[in-house]
Structures are given as structure tokens and as C-alpha cells.
1. Is at least one residue of segment 450-464 assigned to a helix (DSSP H, G or I), in contact (Cβ under 8 Å) with a residue 12 or more places away in the chain, surrounded by 24 or more Cβ atoms within 10 Å (Cβ to Cβ) and more than 20 Å from the chain's Cα centre (by Cα)?
2. Please verify whether residue 208 is surrounded by 19 or more Cβ atoms within 10 Å (Cβ to Cβ) and either within 28 Å of residue 168 (Cα to Cα) or in contact (Cβ under 8 Å) with a residue 60 or more places away in the chain (or both), treating the condition exactly as stated.
3. Residue 446 - would you say it is within 20 Å of the chain's Cα centre (by Cα), surrounded by fewer than 23 Cβ atoms within 10 Å (Cβ to Cβ) and assigned to a helix (DSSP H, G or I)?
4. Do the conditions hold for residue 484, that is, is it within 24 Å of residue 84 (Cβ to Cβ) and modelled with pLDDT of 90 or more?
5. Could you tell me whether residue 143 is surrounded by fewer than 18 Cβ atoms within 10 Å (Cβ to Cβ), in a helix (DSSP H, G or I) and outside the structural domain of residue 286 (by TED's automatic domain parsing)?
6. Report yes if some residue within segment 684-700 is at pLDDT below 85 and assigned to a loop (DSSP other than H, G, I, E, B); otherwise report no.
7. If you check residue 344 against the conditions, is it closer than 26 Å to residue 258 by Cα and surrounded by fewer than 20 Cβ atoms within 10 Å (Cβ to Cβ)?
8. Give 389, 470 a once-over and let me know the one that is at pLDDT below 95, in contact with a strand residue (DSSP E or B) (Cβ under 7 Å, 6 or more places away or on another chain) and under 30 Å from residue 312 (Cβ atoms).
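The values are calculated or read from the model by the stated rules, or taken from the named source; none is laboratory data. Keep in mind that what you see is a predicted model, and the values were worked out from it rather than measured. As a convention, Cβ positions derive from the backbone with ideal geometry for all residues, glycine included, and neighbour counts pool all protein chains shown.
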């Protein structure tokens, strides 16, 4: 049997992903309780005395907050944070480079102060079960703060290579630098129409010395026929060894251009992609130039919550902000698509690494360890498809988590591979820490239940202490995070994404640490299909269970009179529980995939047009266009009766000629929808180039932070998936 991209057939049995993960989690929990029983038998009088001395020293040096403290004193750190953050937001639309480090240090100071107080003053160590829960909750919180601090390192200085790209583009257009380029489009199971669109987009790039290769890893006759139809080269291989990495390495051995460009099957470049990127390779030390991934459809979260116009896609923070920050330290990550690489550099590291399923990240590490420079051009030079169904969205992120954590057990482990600078190690380690942090996110969804049901204390803090030590960082984080990240992500939605991905990625992380190479993967299905509203039970199950448990836990705690007996502890647990309930409700809504009426994406275009039939011409203006249909508004709103069965659509600015169409529907307001029929290859090329390949078309202004926070609060009340289906 061939070693296919389904490295293990059991990977197709999706419910097992959660079954394995929950099994590992339950076994780990039982092991922890067994360890607690053993620890109870030990004599801890010596360590207890030492810990008491440490806590006394810490409490002596930390600012004191108690019931006698004045309200002004308790609120003073938060008031100072509000004043400082508000001043920065008023003075600077975006943070200047010189200000990023002081703001980062201020956050670090607040984090250290809070965690220091948590460590010496808030752990509940009265009983062993209490101690276990309290210490675990502290470690979980500390790990999340560590992850935030590492992520903030990527925000200290952001590169902008657009001026360099301008200069390089002039050299390419003048013909001063025109190296040969091979364009690789690997495919496994994607449909013909998706590949046709991508290849046409690649062929439309303004660059004379390019060769397009379709790399078919399933040896499909339809793919060979498509390559012949479009005039590109076709490559297949006898097996699927090492999946995408093996496919690329096979093509590497059968091509010879100086530079190689790779686009995933769903990504379409703009016409100026090569003009903007190739010139960087005049520097012999540059091995790879990566550009951001942009998406022309909405991901599962924005689509299922109906927030397409209010919320950025989940990956925008990484691609448009964190990567430029990593670029400042020559520590960028190759995305596996939309990049250009020097052949000689790739061959020098032995081709695309095959040890892990995230071959792109491994390629970055190996090139950087070999001393090459990797550049990030933060321009929207291509667009692809985001996973628009909750199951595919979760599965894709879990695969990334698995592949990243596999690096800990491979030769590309950033902590051990020779040749990296300490900054590069730190940046690449932050990726590992990010996925390990999903275990903390999962634990935080469970933690309040331990007090509500069993009376186990997460921490011992008063309301005044929470306001004094915790609230200042929370306020600063919520106010300044979007500002620091150039409006690519709000703090409230960052926390939501971590919670939504917590169960799947957390269990994947645990499984990957136990058995990193034991489970295969499948390609993310990005095909847009007509579908009715449906609930993804695999995604919804953990959120539904936790939601019910939180409601039951609050009711149980009230019945057990915990508020009267342990007021502060109940208030803290109830705060976390209510916060979790809001998040879990939104997660449940995202698990409901809204109905998809059409299997394609419409793009807004306002272009003069003319509908022609017999001796009649009906003028109008297009409202939206897609590869399969057009919607236009009739001028004056006058509609003929009856409509013709067939007609021709003429859009002068597209240079398509007369396109045969069928009228599908017409509204009383004069909006007409027509289906495009029998486009010639030349017409299809012109339409795809206009829809996807215009330079600058994927740039868009940042979304409002205040609106993002408002939509978060509003999303749960709207119940969009259910309302949309009504």
C-alpha cells in the first residue's frame, strides 16, 4: 500500500481525535491524583518552612492591599493604566517604533508583579487536593502570561520592505534582473475548477521567464488534461512518499530554474507578485522571500457569527503583524505557499525537510540555521481560501499544532539545531509555546468547575487584590493590544480564538507530546459547497458539555451555600464561570455551520454593463461578479416582461466580449442575477484575472477595535446561525 498523504488510515476517523485526546487527559488526571496520594505520605515540614520564609519575604516587599485599603489606593494602578493607555491612543494612531519597547516593558512589569503576587500570596495550600488545583491553575495562568510575553517580542520592531520592493520592481521591469522562475502548484485532492483558477492566475503574472508546473500527487487524468488545456507542465510520481514535501522535492529534481515559487492549490497571485519579490534575490545571501496569506472568503468564525464586515480573519494577526516582527530578527516562518526560494539554497539543506508534517516551518529553520537571510514582504500579493466550516477550521489548526510539536522530536528542533542565533531560537520556540498554551486554555475552561462542584480553591484572593494586581494588566491588554498589532486582532477576540481552539488543539498537543508521529493527517477541504445549516457535533460536543456543567456547577454551588461560607472564593469562581459561559456559548454558535446558498464567492464590482437579446439592450451596472454568475442593477429600475431565457452580457471594461448568460432571477427593484454560460478559455482568463489578480485589490483598511469588542458582546445575543436559517 502506498504511503499516501493519509499517513495513517485511522486519521480519517475524525471522532477518534477527541477519543484519544480525552483518554490521555483522563489517564493523566488519574495519574496526578495517584501522585498526590503518594505525596501526602511524605514529610514536607522542611520544604514547608522554606516556602513560608519565601512567602513572608515576598509579602513584605509587595505593595499591601487589604480590607482597610482606601478605594483610591486600590484603583490607582488601573487609573494610571487608563490614563497612560488613553494618552497613547489619542497621541498616536499607530505606535512609533521607539515606543514599542517601553510599552512592552511596561506590560512585562505588570505581568511579573501580578505573577509574583500570585505565587507568594494566593496559592491555596491547606489540603493536598486544594494545593494540586491551585498550583495547576497558577502554572496555567503563568504559562499563558509567558506565551503573551514571548508573543510581544514580535511586536517590538516591525519591518517594512515595500521601498526595497519598489526598487526591485524597477530592476525587473527594466530587464536588469530577470532570473528564470519555476512556479510549483502542488495538488492532492483539490477539484479541477480550483486548480484552473490558480494556474490561470499564475500564468497572468507579469514576468517573462516563468514556467508553471502542476504537481499532481494523485495521478489524476483530469489534472493531466487540465495542464494540457492551459499549457502548463504536468508532473506526477509513482507514490505519495512524504506528502507535500515529497511532491515538491520530486519537482525540484525535474526542474532547473534559479528561483522557485510555490502556491497552494487554492492560492492565486496578483499580476505583480514576481515583479515585487524576485528583485530581493540580487542579494546572494537571501534564500527565501515570504508574502502574507490573504483570503477571499470568510473563515468559519466570522461566517458562522455573521461578522464578515466587523472581524478580521483569525490568521491576519500572524501574517500581517507577527511575521514582520519576526523578520526584524531574521526568524520568519515559511507559510508553505506564496513564497519564492532560491534553488541552490534549498538544495544546500537537502531539499524540503520531510521529518514533520509542517515542512514549511522546518524549511525556515534549516535555511536560517545554514546562515541564509529570509525576508518578509508584508504586501497582499495573493489570496486563497480559508476553511469556512467549523470542522475544517479546527482540523487545520490541530494539524498545525501537531506538526509544530513534532519538531521537538526532530532534527529541526529550534532549541537544539545548531546555527540559529538566540533571537531566532526564541522566536521559533514561541511557536511551540503557543501550541502548548492550548493545554492551559483547555484547563481554564475546566478550572471553575473544580470549586463549584468540589469546593477546591483555584486561588485565595480578595476583590481588592484582584483590582489592584490583575485589573491593570487586563485593562492595558484590552486597550493597547489592537493598537500594538496594527488593528489586526483585538484582545477580546484573541481570547475567544484561544478558547475555541483549546479543546481540539489542547488534546492534540497532549497527544503529540505522547506520540508525536503516531497519527496521520488529511488535507483541509476548502471546497465551497451548497449546504444546509448543520451542527458539527465533533466540534460542538466539548463546548456543549462544558456549558451544561458550568450552569449545573453554579446551581450546585448556590444550593451548597458556598457564597455564604466562602464569599471571596465563590465570587472568583463565579467570575471565571460566567466568563466561560459567554465564551462557550459563542463557541457553540461557531460550531453551527450556516447554510451556503451558492458554491462560489461573489465579489463587489460596480461596472457599467449591457444585457442584450434580440434587438433589445438593457443598460445597468454590475453589483457583484463571480466566476459563475453576475448580479446587476437595471438603470432606472425598468424590467421587461417576460424575461428572455437566454441573452448576452456585455461589460466593456472587462474586455470579455458578449458573454452568453441565462437569467436566473429578477427582483422588483430591478436587481437581476444571470448565470454565465460557456465561457471560452480567453474569456475565462480575462474574468479570473479581473476577479483575483489585480495589484492592490486585497489590501483593506483595519477594523475598529471598539466595534470588535461590541460585536463580541452582541454576537451571543444575535444567535446568527439560527437567525439566518429562520
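1. yes
2. On the way: surrounded by 19 or more Cβ atoms within 10 Å (Cβ to Cβ): no; either within 28 Å of residue 168 (Cα to Cα) or in contact (Cβ under 8 Å) with a residue 60 or more places away in the chain (or both): yes.
No, not satisfied.
3. Details: within 20 Å of the chain's Cα centre (by Cα): no; surrounded by fewer than 23 Cβ atoms within 10 Å (Cβ to Cβ): yes; assigned to a helix (DSSP H, G or I): yes.
No, not satisfied.
4. Taking the combined requirement at face value, the residue satisfies it.
5. yes
6. Applying the first criterion (at pLDDT below 85) to segment 684-700 yields 700.
Restricting the remaining residues to those that are assigned to a loop (DSSP other than H, G, I, E, B) gives 700.
Looking for residues that are at pLDDT below 85 and assigned to a loop (DSSP other than H, G, I, E, B), one finds at least one in segment 684-700, hence yes.
7. Criteria met by residue 344.
8. 389
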